[in-house]
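Nothing in this text is a laboratory measurement; each read-out follows from the coordinates by a stated rule. Please read these numbers as outputs of a predicted model, since none were measured by experiment. Using ideal geometry, Cβ is built from the backbone for each residue, glycine included, and neighbour counts are taken over all protein chains shown.
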Amino acid sequence: MASAYDRLDAERAAEDAPALQAREDLIAVLGTPQGGRFIAGLIASCGVLGPSFDARAEGRRAVGLDLLRRIREAAPGSYPLIVGDVADRS
């Protein structure tokens, strides 16, 4: 008979599965030169390295900052490479 703790663990694992899959997907994309270039280009187009003077650009910038946060958490070794590539493109 499963205890309440076992059920809670199973529920938490099911809730975490999409987040873990997204993390693994990001690591896979960053694991290729093409994926790294694509992500760097996407972040550069979000304008994350410069100040935003336009309220309409803040949403785009927020997406880029969120993507950088995800990279820092999922693949810390890729973070400085991506930021350097973004700086070169900006």
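Taking the criterion of being hydroxyl-bearing (Ser, Thr, Tyr) and assigned to a helix (DSSP H, G or I), the only residue of region 71-86 that qualifies is Tyr79.
Kindly establish whether Leu81 is touching a residue at least 40 places away in the same chain (Cβ under 8 Å) and touching a Lys or Arg at 6+ places or on another chain (Cβ under 7 Å).
On the way: touching a residue at least 40 places away in the same chain (Cβ under 8 Å): yes; touching a Lys or Arg at 6+ places or on another chain (Cβ under 7 Å): no.
Judged against the criteria, Leu81 is not a match.
For region 1-37, give me the residue count where each residue is assigned to a helix (DSSP H, G or I) and either among the acidic types (Asp, Glu) or over 13 Å from the mean Cα position of the chain (by Cα) (or both). The total comes to 20. Total residues in region 21-37 satisfying the condition of being touching a helix residue (DSSP H, G or I) at 6+ places or on another chain (Cβ under 9 Å) and over 16 Å from Pro76 (Cα atoms): the figure is 1.
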